[in-house]
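> Dropping the structure in here first, questions after.
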Amino acid sequence: MSSAPTAVIADQPVVWTPGPERISRSRALAFAREHGLDGWDAIGSRAAEDPGWFWGAVSDHLGIVWTRPYDSVLDLSNGPEWPDWFVGGRMNYVASALDRFLDRRADQTALIWEGDDGSSTSMTYRELAESTNRIANALRGLGIRKGDRVGIYLPMLPETAVATLACSRIGAVFIPIFSGYGADAASKRLIDAEAKVLITADGFHRRGGVVPMKDTANAAVANALSVEHVIVVRRCGVDPGWVDGRDLWWHDLERDASPHCEPEDTAADDPYMLIYTSGTTGTPKGTVHVHAGFPIKAAQDLAFCFDLQSDDRLFWITDLGWMMGPWMIAGGLIAGASIVVYEGTPDYPEPDRLWQVVERHGATVLGVSPTLVRSLMGHGDEWVDRHELATLRALGSTGEPWNPGPWRWAFEHVGKSRCPIVNYSGGTEISGGIVAATTIHPQKPCAFSGPVPGVPADVVNETGQPVRGEVGELVIRGPWVGMTNGFWRDRERYLDTYWARMPGMWVHGDWALIDDDGFWYILGRSDDTLNVAGKRIGPAEIESAAVAHPAVQEAAAIGVPHEIKGEAIVVFVTLKPGHLESEHIRSGIRDLVAQQLGRPLRPDLILFVDDLPKTRNAKIVRRVIRARRLNQANLGDLSSLENFDAVEGIARAR
């Protein structure tokens, strides 16, 4: 690992500083005062020195409900790879997310929903708890017991949140399945998990049309022989392709069940969710999360980094199949806030739909991806500038590294230069963030304030030694609450993926950098790194330079074999509306990259495409782009792709 040219991303000035109202409101600083700590840095230091103390204190701060107190917070007798948290404790996270609020805040709004077609509804904490209890009782009536797996293949509906909570209430393990999956991808997850029930919908609305979801569910279940029942939410009123004896209507089950349901007395380390992530091979990884893991980590990150409180409305553009869906539901409710759930797309029927939803429902924290921002930028500033967005106090972002131009656009046009952008990076296996910006630290474009408290992150060279001011591997030097409890039935793959390269350290697979001012940056996946004539560089830096060209909307950089340089840079770009492909634009992009990064890193090839292959959560899948460009037979796992046509578009790139 050598220092790469990082001027495009890292050499940015401070553009926002928190005012006294941010400091006085902060939950993190209130936590510090409760424990006699001198601010944010002291929280991180104490957490690193004594993780057992820290996570016990976090549990108390969040008001986690324990039916049996834990004997100790942390046991490392099986090594850092297999920590045992809250030893001997018993808790069902739904009691912390719903039950404890029913005495004093039962009538507070817990969930607000808006559909693609403009329909809308809301639920109080009492209503959400009663609906959860009814579906939990219905599942018990179908024979579902603690440890049984239940697939949830739904768009973002109120029932989606209810389904996750109902499964957890009875100790069942739910499997979030991306609503855009085809039958094969959904079936693989149901088969691997040996799910007994699938919860789906007759269809859902998308861009004014109807997606016949139940047809896909039927095809998926045909190969998943363990599935005994399919519960169907009536969303669109389309023909559900009914199978007598197997299929059941959600509304019938909910109507006939009791609104009272005692939660299963689960242990702290009992699994509650099995969520699959894409692999570079054809087999997705099943990450196992427990009651006293993912929900606590999600709530802590929201409380400390986003300063989420009971007067907030959290709105994240997500799908249940992306970890941010379960993260918003569990973390947002445990933090005592209201969550905003949206079925539709951000730019339908007009490019300002997202801003309308924010205004209509008074969202205070809005979560987006950099790719979504780049897409909305392409419609022009006027669509967002016509909205005041007065309720917003913070933006959140995750999914991939920022480029400076889109970051500044979001800060200036969406946040009106008054809202911090809580840059947030981690993963499904993390249960949230490794590093984050916050609402109480100064901000540079694209940067993170540092590690999330309780996650002992570092940036190291190939020998595991810390590095500053140069690019290194992002690692975690010890366990944390929320760390995946291995991969489903694949212990060795988990160890090989994260713990084999540097013994005793979790190697996350991201290039990172800490600048002279202490700001952190994520520069892309380390397996995406390009090596051009001995100069190593992350794709994010090349892409940031390319996106700085006024005609470019999005860019993806890959390295291809070159007999002299080792690798040559190829950049795929999509153009903004109103710009046509031309040799003039192509040369301009190459010259701009060379100007910002140096002539040795001038791209060999600029290729125009109509779209870039992305996951539903808007991550550009560079490994697939590279494999398709090189005509490799194995493209890896494609099940998370949103736009399959874009893969073939790479082969036809101009």
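The values are calculated or read from the model by the stated rules, or taken from the named source; none is laboratory data. Just so you know, these numbers come straight off a predicted model, no measurement behind them. Neighbour counts run over all protein chains shown; Cβ positions are idealised from the backbone, glycine included. Side chains included, ligands, DNA and RNA excluded: accessible areas come from the protein's heavy atoms. Shrake-Rupley method; radii C 1.70, N 1.55, O 1.52, S 1.80 Å.
> Taking segment 285-330, which residues are assigned to a loop (DSSP other than H, G, I, E, B) and touching a helix residue (DSSP H, G or I) at 6+ places or on another chain (Cβ under 7 Å)?
Hits for segment 285-330 are HIS291, ASP307, LEU308, GLN309, ILE317, THR318, ASP319, LEU320.
> Would you point out the residue of segment 563-582, among those that are hydrophobic (A, V, I, L, M, F, W, C) and outside any loop (DSSP other than H, G, I, E, B), that is modelled with the lowest pLDDT?
Filtering first and then ranking leaves ALA568.
> I'm trying to understand the selection: among the residues of segment 253-273, which are assigned to a helix (DSSP H, G or I) and either open to solvent by 50 Å² or more (accessible area, probe 1.4 Å) or modelled with pLDDT under 95 (or both)?
ARG255, ASP256
> Further question: Just one of ASP312, ASP265, ASP307, ASP269 is among the acidic types (Asp, Glu) and closer than 24 Å to LEU157 by Cβ; which is it?
Just one listed residue meets the conditions, ASP312.
> Can you report the number of residues in segment 418-441 which are within 18 Å of LEU302 (Cα to Cα) and open to solvent by 10 Å² or more (accessible area, probe 1.4 Å)?
In the first step, residues of segment 418-441 are kept if they are within 18 Å of LEU302 (Cα to Cα); the result is 419-441.
Keeping just the survivors that are open to solvent by 10 Å² or more (accessible area, probe 1.4 Å) gives 425-429, 440-441.
Residues in segment 418-441 being within 18 Å of LEU302 (Cα to Cα) and open to solvent by 10 Å² or more (accessible area, probe 1.4 Å): 7 in total.
> Checking the structure you have, find out if any residue of segment 137-150 is open to solvent by less than 10 Å² (accessible area, probe 1.4 Å) and within 25 Å of the chain's Cα centre (by Cα). Talk me through it step by step, then tell me what you get.
From segment 137-150, those open to solvent by less than 10 Å² (accessible area, probe 1.4 Å) are 139, 144, 150; that's our starting set.
So of that shortlist, the ones also within 25 Å of the chain's Cα centre (by Cα) come out as 150.
Yes, segment 137-150 contains a residue that is open to solvent by less than 10 Å² (accessible area, probe 1.4 Å) and within 25 Å of the chain's Cα centre (by Cα).
> Going by the structure shown, is ILE191 out of contact with any Ser or Thr (no Cβ under 6 Å at 6 or more places or on another chain), surrounded by fewer than 23 Cβ atoms within 10 Å (Cβ to Cβ) and closer than 30 Å to GLN632 by Cα?
yes
> Restricting segment 475-521 to residues that are open to solvent by 10 Å² or more (accessible area, probe 1.4 Å) and among the hydroxyl-bearing types (Ser, Thr, Tyr), which is nearest to GLY432 (Cα to Cα)?
So the residue we want is TYR498.
> Looking only at segment 299-329, count every residue that is open to solvent by 10 Å² or more (accessible area, probe 1.4 Å) and among the acidic types (Asp, Glu) and tell me the total.
1
> May I pose another question? Which ones in segment 473-496 are among the β-branched types (Val, Ile, Thr) and not in a loop (DSSP other than H, G, I, E, B)? Step through it out loud before you land on a result.
The first filter runs over segment 473-496 and keeps only residues among the β-branched types (Val, Ile, Thr), leaving 475-476, 481, 484.
Within segment 473-496, VAL475, ILE476 qualify.
> Another one. Taking the stated definitions as given, is ALA186 open to solvent by less than 10 Å² (accessible area, probe 1.4 Å), of a type outside the set (Val, Ile, Thr), in a helix (DSSP H, G or I) and in contact with a Leu (Cβ under 7 Å, 6 or more places away or on another chain)?
No.
> Ok, one more. As an exercise: evaluate GLU470 against (1) closer than 27 Å to TRP85 by Cβ; (2) in a loop (DSSP other than H, G, I, E, B); (3) modelled with pLDDT under 95 and give the number of the one condition it does not meet.
(1)
> Further question: Sort out which residues of segment 36-61 are touching a Pro at 6+ places or on another chain (Cβ under 6 Å) and of a type in the set (Val, Ile, Thr), and write them in order of number.
Hit for segment 36-61 is ILE43, nothing else.
> Considering (1) open to solvent by 20 Å² or more (accessible area, probe 1.4 Å); (2) assigned to a helix (DSSP H, G or I), say which one THR391 fails and leave the rest.
Of (1) open to solvent by 20 Å² or more (accessible area, probe 1.4 Å); (2) assigned to a helix (DSSP H, G or I), only one is false for THR391: (2).
> Same structure, new question: Look at segment 222-244 and say how many of its residues are loosely packed, with under 14 Cβ neighbours inside 10 Å, farther than 19 Å from VAL211 by Cβ and at pLDDT below 95.
Count: 0.
> Test of understanding: among ILE199, ILE191, which residue is of a type outside the set (Gly, Ala, Ser) and not in a helix (DSSP H, G or I)?
On inspection, the qualifying residue turns out to be ILE199.
> Can you pull out every residue in segment 530-583 that is hydrophobic (A, V, I, L, M, F, W, C), more than 17 Å from GLN596 (Cβ to Cβ) and open to solvent by 10 Å² or more (accessible area, probe 1.4 Å)?
ALA533, VAL560, ILE564, LEU575, LEU580
> Could you please tell me which pairs satisfy a Cβ distance under 9 Å, a separation of 6+ or placement on different chains, a first residue in segment 462-473 that is without any contact (Cβ under 8 Å) to a residue 40 or more places away in the chain, and a second residue that is part of a loop (DSSP other than H, G, I, E, B) and open to solvent by 10 Å² or more (accessible area, probe 1.4 Å)?
THR463/MET502
> OK, next. Specify which of the listed residues (THR200, THR266) is in contact (Cβ under 8 Å) with a residue 40 or more places away in the chain, of a type outside the set (Gly, Ala, Ser) and in contact with a His (Cβ under 9 Å, 6 or more places away or on another chain). Outline the logic, then answer.
Values: THR200 fails: in contact with a His (Cβ under 9 Å, 6 or more places away or on another chain).
From the options THR200, THR266, the qualifying one is THR266.
> Taking ASP247 as meeting all but one of (1) in contact (Cβ under 8 Å) with a residue 24 or more places away in the chain; (2) of a type in the set (Asp, Glu); (3) closer than 30 Å to THR121 by Cα, write down the number of the exception.
(1)
> Follow-up. Among the residues that make up segment 274-290, is at least one of them open to solvent by 10 Å² or more (accessible area, probe 1.4 Å), closer than 18 Å to CYS167 by Cβ, in contact (Cβ under 8 Å) with a residue 60 or more places away in the chain and in contact with a Lys or Arg (Cβ under 7 Å, 6 or more places away or on another chain)?
yes
> Then there is this: State whether one or more residues within segment 398-412 are acidic (Asp, Glu) and in contact with a Leu (Cβ under 9 Å, 6 or more places away or on another chain). Write out each step before concluding.
We begin by selecting, within segment 398-412, every residue acidic (Asp, Glu); these are 400, 412.
The next check asks that each one be in contact with a Leu (Cβ under 9 Å, 6 or more places away or on another chain); those that pass are none.
No, every residue in segment 398-412 fails to be acidic (Asp, Glu) and in contact with a Leu (Cβ under 9 Å, 6 or more places away or on another chain).
> Also, quick follow-up: Check whether at least one residue in segment 195-204 is in contact with an Asp or Glu (Cβ under 9 Å, 6 or more places away or on another chain), small (Gly, Ala, Ser) and surrounded by fewer than 15 Cβ atoms within 10 Å (Cβ to Cβ), and report yes or no.
Filtering segment 195-204 for residues in contact with an Asp or Glu (Cβ under 9 Å, 6 or more places away or on another chain) gives 195-197, 199, 201-204.
Next, only the ones that are small (Gly, Ala, Ser) stay: 195, 201, 203.
Subsequent filtering for residues that are surrounded by fewer than 15 Cβ atoms within 10 Å (Cβ to Cβ) retains none.
Within segment 195-204 (the criterion being in contact with an Asp or Glu (Cβ under 9 Å, 6 or more places away or on another chain), small (Gly, Ala, Ser) and surrounded by fewer than 15 Cβ atoms within 10 Å (Cβ to Cβ)), the answer is no, since none of the residues qualifies.
> Wholly within segment 1-107, which helices (runs of 4 or more DSSP H) include no fewer than the required count, namely at least 2 residues that are under 26 Å from GLN465 (Cβ atoms), open to solvent by 40 Å² or more (accessible area, probe 1.4 Å) and at pLDDT 95 or above?
Output list reads 40-49.
> Shifting gears a bit: Does VAL560 qualify as being hydrophobic (A, V, I, L, M, F, W, C) and not in a strand (DSSP E or B)?
For VAL560, the condition - hydrophobic (A, V, I, L, M, F, W, C) and not in a strand (DSSP E or B) - is not met.
> Hey, any hits in segment 332-354 for a residue that's open to solvent by 20 Å² or more (accessible area, probe 1.4 Å), assigned to a helix (DSSP H, G or I) and more than 21 Å from GLN309 (Cβ to Cβ)?
For segment 332-354, residues open to solvent by 20 Å² or more (accessible area, probe 1.4 Å), assigned to a helix (DSSP H, G or I) and more than 21 Å from GLN309 (Cβ to Cβ): absent.
> Which condition breaks for VAL162 when tested against (1) over 22 Å from the mean Cα position of the chain (by Cα); (2) more than 26 Å from LYS285 (Cβ to Cβ); (3) free of Cβ contacts under 8 Å to residues at least 60 places away in the same chain; (4) open to solvent by less than 30 Å² (accessible area, probe 1.4 Å)?
(1)
> What is the residue count in segment 406-417 for residues that are part of a helix (DSSP H, G or I) and surrounded by fewer than 19 Cβ atoms within 10 Å (Cβ to Cβ)?
Qualifying residue count for the region: 3.
> Suppose we keep only residues that are without any contact (Cβ under 8 Å) to a residue 12 or more places away in the chain and aliphatic (A, V, I, L, M) within segment 584-637. Which one would you say is most open to solvent (accessible area, probe 1.4 Å)?
Out of the qualifying residues, it is ALA633.
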